[in-house]
Amino acid sequence: MRNFDNERYNLVVIGAGTAGLVAAAGTVGLGGRVALIERNKMGGDCLNFGCVPSKALISSARVAQLMRDASKWGFERTEPQFDFATVMQRMRARRAQIAPNDSQERFESLGVDVFRGQARFVSPHEVKVGDRTLRARHFLIATGSRATIPNIEGIDSVPYFTNETIFDQLNDKPRSMIVLGGGPIGCELGQAFARLGVKVTIVQAAPQLLPPEDADVADFIQRRLEEEGIDVRLNASATRVYRDGSDTVLEFTNTQRVSAEVLLLAVGRTPNLRALDLAAAGVDYDESGVRTNDYLQTSQPHIYAAGDITNKFKFTHTADFSARIVVRNVLMPLQLLRQKVNWSAVPWCTFTDPEVAHVGFGEKEANVKGIEYDLFRVELAQVDRAVVESEEAGFAKILTGKGSDQIVGATMVGAHAGDLLHEFVVAMNARVGLGRIASMIHVYPTLAELARKAGDQYNKTRLTPRAKRIFTWLYSQGR
Ligand SMILES: Cc1cc2nc3c(=O)[nH]c(=O)nc-3n(C[C@H](O)[C@H](O)[C@H](O)COP(=O)(O)OP(=O)(O)OC[C@H]3O[C@@H](n4cnc5c(N)ncnc54)[C@H](O)[C@@H]3O)c2cc1C
């Protein structure tokens with residue numbers, strides 16, 4: 001029988017979400033001794049209450065909408081007939097199919113010691129889980145985040161869903177739903193439930209949906225949601241909530257109100273800090289999360305933090321990306337050998353239909369930061385594949401540094417935008433300019449031609465009147 005209390009690990013990981021799992025698997029794979037502590041479900045938010053169930057539900061919702069839109073492809077429009085509970089079960093079954101990748105059994109088979117329970121620091125070099133004390137050379141805080149419960153009058157006296165409850169506890173189709181919050185989670189789930197026959201109202205405090213995006217992008221998505229029957233309320237700051245019969249009533253901006261059978265909270269994320277006793281470890285943090293340097297070290301250099309618990313991006317792919325850096329940095333004996341995190345080309349996608357995909361700067365952020373840029377905009381209607389697929393709603397905006405073809409940002413709105421974005425992600429990382437993208441062969445007819453068309457637009461700007469005069473002269477000599 002092993003006595004874990006005598007063990008000294010290379011890495012103790014707190015939290016078995018994406019960041020924790022990637023760091024644990026990476027370190028054990030390189031030969032390190034790793035302990036992984038999880039207080040709830042293996043796989044964390046992404047698998048259990050986030051990306052996976054939401055995208056599975058969005059997939060069913062898309063099919064329902066395709067049936068309603070069938071006339072676009074020459075079929076008769078039809079209202080989908082379905083059992084809501086069966087759709088929810090399918091979502092859970094899809095999730096169950098992915099779950100073994102993140103399971104305790106799998107990680108133990110890789111050689112990771114998995115402990116179930118809540119972890120807390122008792123000193124900068126010791127973590128307690130249950131009655132065990134684990135010691136290590138390095139620690140990784142990867143405890144993620146949870147739904148923020150807004151501080152509005154009456155919130156404790158009404159029933160509500162969050163992302164942690166809606167996927168497992170909602171079985172019967174509600175008549176109506178208030179989605180509080182118009183960020184990515186609110187827009188994705190609001191559209192999905194609306195397509196599944198729920199009367200949805202999105203209540204958003206900010207003046208636009210998807211606040212980090214440019215206004216034209218947000219307006220486009222808002223119009224689509226409204227066309228699909230969603231009531232979108234902007235500049236709507238929730239002030240009070242109460243129960244009226246079988247409905248929940250939400251008051252906003254003091255005078256207006258909406259009511260619905262259920263309320264879904266999607267107003268942001270709160271880092272899971274409290275239980276960790278970070279003071280005992282001497283780790284600095286604030287309400288937005290644990291602070292790290294560029295090496296992902298906290299104020300205690302042997303304690304790292306990655307994923308939603310940090311005050312940076314809150315995505316599965318950024319959690320994965322930063323965990324890989326932690327794996328490397330834990331192994332390196334000297335700071336000069338450690339890798340710095342580079343957040344200059346972080347992509348993300350909001351999986352509404354159409355999708356909104358983004359990397360680098362949008363116009364709004366570039367303007368705020370005083371970055372001078374040239375803008376190249378391509379409508380999806382200019383792309384033959386989008387037209388033949390009846391998917392021509394959308395556009396791409398590519399920003400290059402002023403007077404240069406170096407891409408500083410790309411935003412795409414359209415079908416498969418999240419996949420298409422990666423041409424620009426690669427280009428930004430490899431410093432491939434928009435002009436060069438135009439010179440690369442793109443398969444016809446694909447949606448990816450959109451990137452080539454943006455490149456063509458850039459190249460046209462290089463044709464100065466003087467260059468054109470020279471070409472005209474050359475042609476005249478060649479006739
Ligand atoms: C509805 C929804 C949809 C989303 N969709 C996407 C998407 O499409 N794409 C995308 O990139 N991102 C998406 N996200 C975000 C993504 O889920 C998170 O960014 C990601 O899960 C963060 O991973 P993490 O490892 O930092 O934290 P988590 O996955 O939250 O894992 C942290 C783990 O730590 C555990 N824990 C916390 N405290 C302790 C403690 N003291 N002791 C032991 N264990 C502890 C928790 O139980 C949890 O399992 C979505 C999120 C939501 C809510």
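The values are calculated or read from the model by the stated rules, or taken from the named source; none is laboratory data. Please read these numbers as outputs of a predicted model, since none were measured by experiment. In this analysis, Cβ positions are derived from the backbone assuming ideal geometry, glycine residues included, and neighbour counts consider all displayed protein chains.
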Of the candidates Gly409, Gly433, Gly401, Gly414, the one satisfying the condition of being in contact with a strand residue (DSSP E or B) (Cβ under 8 Å, 6 or more places away or on another chain) and either closer than 18 Å to Thr318 by Cα or not assigned by TED's automatic domain parsing to the domain that holds Asp374 (or both) is Gly409
Scan region 233-290 for residues that are more than 30 Å from Arg137 (Cα to Cα) and of a type in the set (Gly, Ala, Ser) and jot them down. Ala236, Ser237, Ala238, Gly245, Ser246, Ser259, Ala260, Ala266, Gly268
Of all residues in region 321-347, how many are in contact (Cβ under 8 Å) with a residue 60 or more places away in the chain and either buried (at least 18 other Cβ atoms within 10 Å of the Cβ) or among the small types (Gly, Ala, Ser) (or both)? 8
If I filter region 13-57 down to residues being assigned to a loop (DSSP other than H, G, I, E, B) and more than 8 Å from the ligand (Cβ to nearest atom), which single residue comes out as surrounded by the most Cβ atoms within 10 Å (Cβ to Cβ)? Gly32
If we keep just the residues of region 419-435 that are within 10 Å of Ala451 (Cβ to Cβ) and without any contact (Cβ under 8 Å) to a residue 40 or more places away in the chain, which is surrounded by the most Cβ atoms within 10 Å (Cβ to Cβ)? Ala427
Of everything in region 104-113 that's over 29 Å from the mean Cα position of the chain (by Cα) and outside any helix (DSSP H, G or I), which residue is surrounded by the most Cβ atoms within 10 Å (Cβ to Cβ)? Asp113
Val267 within 16 Å of the ligand (Cβ to nearest atom), part of a loop (DSSP other than H, G, I, E, B) and β-branched (Val, Ile, Thr): yes
Thr86 passes all but one of the listed conditions (1) crowded, with 17+ Cβ neighbours inside 10 Å; (2) within 24 Å of Asp172 (Cβ to Cβ); (3) hydroxyl-bearing (Ser, Thr, Tyr); the exception is number (1)
Answer yes if at least one residue in region 462-472 is among the β-branched types (Val, Ile, Thr), closer than 28 Å to Ala218 by Cα and either within 22 Å of the chain's Cα centre (by Cα) or not assigned by TED's automatic domain parsing to the domain that holds Asp219 (or both), and no otherwise. no
Does region 48-103 hold any residues that are of a type in the set (S, T, N, Q) and more than 19 Å from the chain's Cα centre (by Cα), and which are they? Ser60, Gln65, Ser71, Thr78, Gln81, Thr86, Gln89, Gln97, Asn101, Ser103
Please indicate, with yes or no, whether at least one residue in region 301-308 is within 18 Å of Asp45 (Cα to Cα) and either in a loop (DSSP other than H, G, I, E, B) or assigned by TED's automatic domain parsing to the domain that holds Pro211 (or both). yes
In the list Ala366, Ala305, Ala319, Ala357, which residue meets the criterion of being over 30 Å from Ser60 (Cβ atoms) and within 16 Å of the ligand (Cβ to nearest atom)? Ala305
Being surrounded by 12 or more Cβ atoms within 10 Å (Cβ to Cβ) and either hydroxyl-bearing (Ser, Thr, Tyr) or in the same structural domain as Phe193 (by TED's automatic domain parsing) (or both) is the filter here, so list the residues in region 58-77 that pass it. Ser59, Ser60
